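Remarks on the structure that follows.
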């Protein structure tokens with residue numbers, strides 16, 4: 001699918017839930033959440049967003065392209081770091097307003113903090129909610145790649 005092609009039109013509930021047309025529902029800001037998961041380990045890597053253009057590019061090139069809400073621009077994962085995400089499979093939920101992107105993570109890690117996954121802390125509910133680290137090891141030095149921590 002090239003960026004100039006369009007998705008299937010959004011039909012009725014039965015068509016969206018049971019049909020074969022891919023008609024993603026973008027939110028009021030034109031975004032859809034995309035959960036990146038390691039295709040082999042099934043571990044969550046990161047949660048990002050895609051707009052229509054980044055989703056089409058992802059489908060076309062077979063690598064994850066997201067939309068950065070903070071920078072307000074397309075973000076080809078790994079373009080700066082070399083830690084690209086090769087798309088293995090994309091799934092959508094029943095009403096097509098969320099995506100799960102199974103990827104082969106190429107390079108040291110998915111997180112800008114230098115870890116393999118952005119989900120390196122657990123929420124523990126002893127005496128209120130606190131965070132504990134499930135991974136303190138860094139897969140790469142983010143300062144060396146991005147010039148910041």
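Readers should treat all values here as calculations from the given coordinates under stated rules, not as data from a laboratory. Given the structure is predicted, the values throughout are model-derived calculations rather than measurements. Cβ placement follows ideal geometry from the backbone for every residue including glycine, while neighbour counts extend to all protein chains displayed.
Does any residue of segment 123-131 turn out to be out of contact with any strand residue (DSSP E or B) (no Cβ under 9 Å at 6 or more places or on another chain) and surrounded by 16 or more Cβ atoms within 10 Å (Cβ to Cβ)?
no
Annotation note: Cβ proximity below 8 Å between a residue of segment 128-148 that is closer than 23 Å to residue 80 by Cα and a residue that is surrounded by fewer than 10 Cβ atoms within 10 Å (Cβ to Cβ) (sequence gap 6+ or interchain) occurs for 142/148; 142/149; 143/149.
Based on this model, can you work out whether residue 47 counts as in a strand (DSSP E or B) and surrounded by fewer than 15 Cβ atoms within 10 Å (Cβ to Cβ)? In short, yes. If you go through segment 64-76 and keep only what is free of Cβ contacts under 8 Å to residues at least 24 places away in the same chain and either under 15 Å from residue 31 (Cα atoms) or crowded, with 17+ Cβ neighbours inside 10 Å (or both), you end up with 65, 68, 70, 71, 72, 73, 74.
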